[in-house]
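In what follows, a single structure is set out as structure tokens and then discussed.
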Amino acid sequence: MLYRIILVSEEVDNFRREIKINTDATFADLHTAIMDCCGYSDKEMSSFFICDQDWQKEQEITQIPMGSSSDMDEYVMDETRLEDLIEEVGQQLIFVYDMLSERYFCMKVVELITRETLDKPICILSQGDAPKQTSTIELAGMRSVATHTATTNTADELGDEDFYGDEAYNEDELFNLDEIPADSADLL
């Protein structure tokens, strides 16, 4: 048996993907199919969430074990079959593909196809361009870190004296505790 699953994005109006996948496939198989049909790298952390009819998250399926508390079941993508958690046609899911910026696809199981199986999941509809995998804000943060690292490395190469002035100092420039008024000394 197969599920036909639709993916849409709130970021890109004309984006839509449809995937056919075996009901006994794992969430890791679905993850790979989504990454492939969107042209995304699989190096970023992501999670699936089973949702209720109001899109409220009910159960998370993670890429790696997260060591959750014993009172909650823990589901990991490569160990959890779709049919274990997808109960019916109409089931809604959220796939978070950008954990840092909490960007996601809304997904819905729209059909259960009996008497048919596949060797691997396939994308049967690819409409519109997928949103960028990493947000602009996140990229700006990475550039900032890269700039800081480059500046620090340059400072190390040139030596500290080139960035911190000369080693001589003027004693008159030093802070004098006697200059603090007596009534504010208790703030220290």
Quick one: which strands (runs of 3 or more DSSP E) sit completely within region 1-87 and have at least 2 residues that are among the polar types (S, T, N, Q)? 57-62
Report, ordered by the first and then the second residue, all pairs with beta carbons closer than 9 Å, sequence separation of six or more or different chains, a first member in region 11-27 that is farther than 13 Å from L118 by Cα and without any contact (Cβ under 8 Å) to a residue 60 or more places away in the chain, and a second member that is of a type outside the set (S, T, Y) and surrounded by fewer than 13 Cβ atoms within 10 Å (Cβ to Cβ). T26/D78; F27/D78
Scan region 1-40 residue by residue and report those that are among the small types (G, A, S) and under 24 Å from D84 (Cα atoms). A25, A28, A33
Top-ranked residue in region 37-81 [being farther than 18 Å from Y104 by Cβ and at pLDDT 95 or above; ranked as surrounded by the most Cβ atoms within 10 Å (Cβ to Cβ)]: T80
Condition met for V96 (more than 25 Å from the chain's Cα centre (by Cα), under 22 Å from D13 (Cβ atoms) and modelled with pLDDT of 95 or more): no
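The values are calculated or read from the model by the stated rules, or taken from the named source; none is laboratory data. Quick caveat: nothing in here was measured; it's all calculated off a predicted structure. Cβ sites come from the backbone with ideal geometry, for glycine too, and all protein chains shown count toward neighbours.
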